[in-house]
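Report on the structure given below.
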Amino acid sequence: MDSDQGDGASHPARDGTVRPDRTGMHTTGTDATGHTPAGQDTPPLVGFIVARTVGNAVVRNRVRRRLRHLVRARLDRLPEGSLLVVRANPAAGVARGDELAADLDSALDRVLRQTAKAQTTRAQTTRAQTSKGQTSRGRT
């Protein structure tokens, strides 16, 4: 990613990682944290956080691989320009594949629902401000 993105939904760090800024929609749950920037034409990016509480290095890498595989099948559900961070909870180390998929689907549904709700609220606020400005101009 280039550092000269006009409205920039994320900024690359010196080490090449992407960090979201404060613009756009942000939601947090127990399983996933999502940040959906407004108006980006870039493909969605997904990052994973698998802490030591999940297990030793072998277990953490296995969980990360399983999550990566599950998310790859669900990328089409993410809006353009979104940045999704999936945080594995400690139970993910011993969870079966179908349990992990169900938890991921639940978290993704919650993130997408809150994103859609925020976009609807934003659009209604914009329309209200626009119509208020038009009526006040008409009276003067």
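The values are calculated or read from the model by the stated rules, or taken from the named source; none is laboratory data. This structure is a prediction, so every number in the text was calculated from the model and none was measured. Methodologically, a virtual Cβ is constructed for each residue, glycine included, from the backbone with ideal geometry; neighbour enumeration extends over all protein chains shown. The accessibility values were calculated without ligands, DNA or RNA, using every heavy atom of the protein model including side chains. Shrake-Rupley method; radii C 1.70, N 1.55, O 1.52, S 1.80 Å.
Looking only at the stretch 56-107, count how many residues are touching a residue at least 60 places away in the same chain (Cβ under 8 Å) and either open to solvent by 50 Å² or more (accessible area, probe 1.4 Å) or of a type in the set (S, T, N, Q) (or both). I'd like the intermediate steps shown before the answer.
Just the residues of the stretch 56-107 that are touching a residue at least 60 places away in the same chain (Cβ under 8 Å), to begin with: 81, 83, 103-104, 106-107.
If we keep only those that are either open to solvent by 50 Å² or more (accessible area, probe 1.4 Å) or of a type in the set (S, T, N, Q) (or both) too, we end up with 103, 106.
Residues flagged as touching a residue at least 60 places away in the same chain (Cβ under 8 Å) and either open to solvent by 50 Å² or more (accessible area, probe 1.4 Å) or of a type in the set (S, T, N, Q) (or both) within the stretch 56-107 amount to 2.
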(request) Among residues belonging to the stretch 64-113 that are β-branched (Val, Ile, Thr) and under 26 Å from Asp41 (Cα atoms), point out the one that is modelled with the highest pLDDT. (result) Val71
(request) All but one of (1) at pLDDT 90 or above; (2) open to solvent by less than 30 Å² (accessible area, probe 1.4 Å); (3) not β-branched (Val, Ile, Thr) hold for Gln40, so report the exception by its number. (result) (1)
(message) Just the residues that are in a loop (DSSP other than H, G, I, E, B) and within 16 Å of Arg110 (Cβ to Cβ), please, taken from the stretch 67-81.
(response) Arg74, Leu78, Pro79
